[in-house]
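Novice: This is the structure I have questions about; it appears just below.
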Amino acid sequence: MANEETYISPESYPMVGGDGPHSYVKNSTFQRGFVEATRRMVLAAIAEKLDLKSLGIYSASTFQIADLGCSVGPNTFIAVQNIIEAVEHKYMEAENQNHSTLEFQVFFNDHSNNDFNTLFQTFPPDTKYFAAGVPGSFHNRLFPKSSLHIVHSSNALHWLSRVPEEITHSKSPAWNKGSIHCTGFVKDVAKAYSAQFSNDLESFLNARAEEIVPGGLMLILLANIPDGIPMSRTPEGIHYNFLCSCLYDLAKMGLVSEERVDSFNLPVYHPSLGEFERLIKRNPNFSIERKDMFTHPLMHKVYCAKFWAGLFRAATEGLFEQHFGSQQVVDQIFKYYSRKLEQNISFIMEGKTHDRIQLCIILKRK
């Protein structure tokens, strides 16, 4: 048995940078659906819940926005523009004057090894705001106290700060051999993942409580699992299980070590709707002002295996490279996965599953 200390969970895992065929830029259409589907919800929430006077926003003020988990675009630019349009409209109604007197500062945040070069190289030329990149984990403090008016995070909070330690040890009751994620079927594994998510969300909320001004808003878009349904019975869970089976196929072929596959786990956890709401309500710093559930606009469309393989690779390639070693091995893994997915796509997509709940939740700093 290999030394367990060899397999150290990475502390950051940005999306694939650049603009190549495997990049997030070229494979983030599904994530963009979150932003586009919630545009009206965001506009309505800002119109109803943002009190500019209580925030001290007046002529010649600077309104500060942060997008946490921005990746490399272009989705983050769409989300930010939606927020700015809503704030400008609110400002014109409240102050009865032209919004040109209000200036915007936008902070784009992601891990320090995120491809910020590509992010700013693709920066929209007609922006109405000043921009800055802020490297670091959003599970920690990133900004000065009471410096932000709106924080936005889309399709990012399911990423954990690390893989739960209990599931990485072979002698632990939560040893996750045979799976690469929280299937929801093994009690100890589910407990470990849930505890890690709870700790991470608490850290996230406490950090934002320091950074957001009283009365400021936080807009969170996240996919949740229906209460009582295990992850493995959702479309995404089925994809994770299929990828896991591909890794074990490759281990039998001798292309990767079985011990490496046994110790590989995704630092991802999708909470149930009830679990997520309970954790937020437990935090004394925020109130839930609005909650909208929606259907992802691409969820029921038929896409080819290449689309799903590209989406998953753009999000996880860095994790595979850190764990399995060389880029050559990663290429072999995804080449096999793509081929097997193409052969089984009908079976996977037509299997009986429970749709995830897409949630847009608006929090206000007390």
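Novice: Cα axis of helix 187-211 to longest principal axis of the chain: angle in degrees, 0 to 90, nearest 10?
Specialist: 20
Novice: Given all pairs of different Cα atoms, what value in angstroms does the Kirkwood hydrodynamic radius of the chain take?
Specialist: When all Cα pairs of the chain are included, the Kirkwood radius is 21.5 Å.
Novice: Consider just the alpha-carbon atoms of the range 23-160 and return their Rg together with their Dmax, both in angstrom.
Specialist: Every Cα atom of the range 23-160 included, Rg and Dmax give 15.0, 44 Å.
Novice: Taking Cα atoms, how many degrees apart are the long axis of helix 235-252 and the longest axis of the chain, rounded to 10 and kept between 0 and 90?
Specialist: Once rounded, one gets 40 degrees.
Novice: Points 7 angstrom from Cα along the Cβ direction at residue 132 and residue 258: gap in nanometres?
Specialist: 5.4
Novice: I'd like the carbon and sulfur percentage of the solvent accessible area for the range 244-366, probe radius 1.4 Å, heavy atoms only, ligands and nucleic acids excluded.
Specialist: The value for the range 244-366 is 50 percent carbon and sulfur by accessible area.
Novice: Ok, one more. Order the following by accessible area, largest value first: 236, 317. Probe radius 1.4 Å; ligands, DNA and RNA are ignored. Present the calculation step by step, with values, prior to reporting the outcome.
Specialist: Values: 236 50, 317 25 Å².
Ranked list, largest accessible area first: 236, 317.
Novice: Which number gives the lysine pairs in the range 191-333 that have C-alpha atoms under 27 Å apart and are eight or more places apart or on different chains?
Specialist: 5
Novice: Can you give me the angle between helix 327-350 and the longest principal axis of the chain, using Cα atoms only, in degrees from 0 to 90, rounded to the nearest 10?
Specialist: 90
Novice: Turning to a different aspect of this structure: Give me the percent of the accessible area of the range 147-227 that comes from carbon and sulfur atoms, probe 1.4 Å, all protein chains in place. List each step's numbers first, then the result.
Specialist: Values: 1370 of 2680 Å².
Here it works out to 51 percent.
Novice: Another question, if that's okay. Full-extension gain between residue 366 and residue 58, please, as 0.36 nm times their residue separation minus the C-alpha to C-alpha distance.
Specialist: Gain in length upon complete extension: 108.8 nm.
Novice: I've got another one for you. Using a ≥ b ≥ c from the Cα gyration tensor of the range 146-283 (square roots of the eigenvalues), is it rounded, prolate or oblate, where a/c under 1.5 gives rounded and otherwise the larger of a/b and b/c decides, a/b for prolate?
Specialist: Prolate shape, in that a/c is at least 1.5 and a/b is the bigger ratio.
Novice: For a test of the definition: using alpha carbon positions, the gyration tensor, and the 1.5 limit on a/c, classify the range 265-342 as rounded, prolate or oblate.
Specialist: It is oblate, given that a/c is not under 1.5 and a/b is not larger than b/c.
Novice: I've got another one for you. Counting only heavy atoms of the protein chains, get the accessible area per residue of the chain (1.4 Å probe) and round it to a whole Å² value.
Specialist: Accessible area per residue: 44 Å².
The values are calculated or read from the model by the stated rules, or taken from the named source; none is laboratory data. Note that this is a predicted model, so its numbers are computed, not measured. Note: ideal-geometry Cβ built from the backbone for every residue, glycine included; neighbour counts use all protein chains shown. What goes into the accessible areas is simple: the full protein's heavy atoms, side chains included, and nothing from ligands, DNA or RNA. Shrake-Rupley method; radii C 1.70, N 1.55, O 1.52, S 1.80 Å.
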